[in-house]
Each structure stands twice: as structure tokens, then as C-alpha cells.
Amino acid sequence: LAVRDLRLPPGAGLAVLPLTAATGIALPARIRASAPRRQASFTAGRLAAREALRRAGLVDAQAPGMGADGLPIWPVGWLGSISHSGSVAAAIAAPVGAARLLGLDVERLVTPEAASRLALDVMPELSPGQSGLPLQEQVTRVFSAKEALFKALYPITRQMRGFSAAHADWRQDSPDMPIRLTLTEDWGPDWPAG
């Protein structure tokens, strides 16, 4: 449902694959040395990235490699983001001119107990229930939105930030984009607070 309803930048491609589809690409040495579940999520993420690139128009796209920093190596002129959670991997890709940055995050819905524990850390700026959603949906959505923002900004800024580095607001006037994020800290000259 999320994939169906997601608004993509013009020219972008999105792909979601089950982790069970994770075969068919060569693994970097440090991934080969990891647990089988990590190998499967890496492979499915890279296959989803290849499919996202193809859906965005790069017909002969290959699965992105992995840089020394662990980030995907996207083809020249392309942006993208990969995420995996539970039993799926997802990726989004677009030509550089279609988007300034891209971030994607997929998460399992947290339990009500976990939501109660995480709410203050993930969304200290929001009152529980402010969105009208159950707390576990509210926490999961804000967590995922902030993770997607950080995944989009990290390749550019190379700065790790905590959840307080972005402020979330529920937008009752915009049902297709219910969360707006505002930076609360400077992330460099192109990404100032506010």
C-alpha cells in the first residue's frame, strides 16, 4: 500500500523485493564474512536498487557496488537510497536532475510497548496522539521519516545526527504528505537549520 501511494520525484523508480529473492550478485568481502541474514538483506537491497534504476530509465543498470564507507556506488548522474527491514528490501533511484537528494526507509510497525519507550527519543517535539494515529503508528512514521532524511543527507554532509536534529510536524492540511521535517541544526552551508 505504501508503494502504491508513494509520490515519487519525476523520473524516479522504486522497487521492493522480498529478502528471499536475494541471489545473483557477487558479495563484497566484508559482506561475505557477515551472517547469512546480512548477506540476504545486502543482496536484496542491491537487487532492488538495480530494479529501481531500471524503472527510472537506466535500462542496462547493474546492482550498485559498495564503497569503502559502506555506501552504495550509484552510477554517475544518479541518486538513490536503499533500505531493508524484516522480510523486504526497497530502493529508490532517480537521475540527479530529478531530485536534489533521495532518502528511503522501510520499517516494521513497532509494538505499543516499544512505541511508549521510544516516543520521547524519536519525537521529543511532538505530543503523543497529536497526529490522531495510534502511538505505534505515529512513532514508526516519525522514526522512518527521520531515518529517510538522514539517509538522504549523510552521503552529502558525511555527518551523523540524532533524532533531535530534525523536528517533525503533522500536517493535517496535506493528507498525501502528512509529515514535514525541519532541520534543527546546521548540516553545512547548503543545509542550515530551519
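The values are calculated or read from the model by the stated rules, or taken from the named source; none is laboratory data. What you see is a predicted model; the values in this text were computed from it and never measured. So basically every Cβ, Gly included, is an ideal-geometry build from the backbone, and we count neighbours across all protein chains shown. Accessible surface areas use protein heavy atoms only, side chains included; no ligands, DNA or RNA. Shrake-Rupley method; radii C 1.70, N 1.55, O 1.52, S 1.80 Å.
Among the numbered criteria (1) without any contact (Cβ under 8 Å) to a residue 40 or more places away in the chain; (2) in a helix (DSSP H, G or I); (3) under 17 Å from residue 102 (Cα atoms); (4) open to solvent by less than 50 Å² (accessible area, probe 1.4 Å), which one does residue 153 miss?
(1)
Test of understanding: among 110, 139, which residue is of a type in the set (A, V, I, L, M), in a helix (DSSP H, G or I) and surrounded by 16 or more Cβ atoms within 10 Å (Cβ to Cβ)? Show your work before the answer.
Numbers: 110 fails: in a helix (DSSP H, G or I).
After ruling out the rest, the residue left standing is 139.
Working carefully through the options 102, 133, find the one that is surrounded by 14 or more Cβ atoms within 10 Å (Cβ to Cβ), touching a strand residue (DSSP E or B) at 6+ places or on another chain (Cβ under 8 Å) and in a loop (DSSP other than H, G, I, E, B). Full working, then the answer.
Working: 133 fails: touching a strand residue (DSSP E or B) at 6+ places or on another chain (Cβ under 8 Å).
Going through 102, 133 in turn, the sole match is 102.
Could you tell me which residue of segment 9-40 is nearest to residue 59 (Cα to Cα), considering only residues that are modelled with pLDDT of 90 or more and open to solvent by less than 30 Å² (accessible area, probe 1.4 Å)?
This residue is 13.
Starting from segment 49-68, take each residue that is without any contact (Cβ under 8 Å) to a residue 40 or more places away in the chain and list its partners that are charged (D, E, K, R) and open to solvent by less than 40 Å² (accessible area, probe 1.4 Å), counting only C-beta distances under 7 angstrom and pairs at least six apart or across chains.
That search, which allows pairs on different chains as well, returns 63/46; 64/46.
Take residue 119 and tell me if it is in a helix (DSSP H, G or I) and surrounded by 14 or more Cβ atoms within 10 Å (Cβ to Cβ).
On the way: in a helix (DSSP H, G or I): yes; surrounded by 14 or more Cβ atoms within 10 Å (Cβ to Cβ): yes.
Yes; evaluated as a whole, the condition is true for this residue.
Please go through segment 156-194 and pick out each residue that is in a loop (DSSP other than H, G, I, E, B), aliphatic (A, V, I, L, M) and open to solvent by less than 60 Å² (accessible area, probe 1.4 Å).
Taking segment 156-194 first, the residues in a loop (DSSP other than H, G, I, E, B) are 158-162, 171-178, 184-194.
In the following step, the residues that additionally are aliphatic (A, V, I, L, M) were identified as 160, 177, 193.
Within segment 156-194, just 193 meets the criteria.
Name the pairs: first residue in segment 115-140 and modelled with pLDDT of 85 or more, second residue acidic (Asp, Glu), Cβ to Cβ under 6 Å, at least 6 apart or on different chains?
140/107
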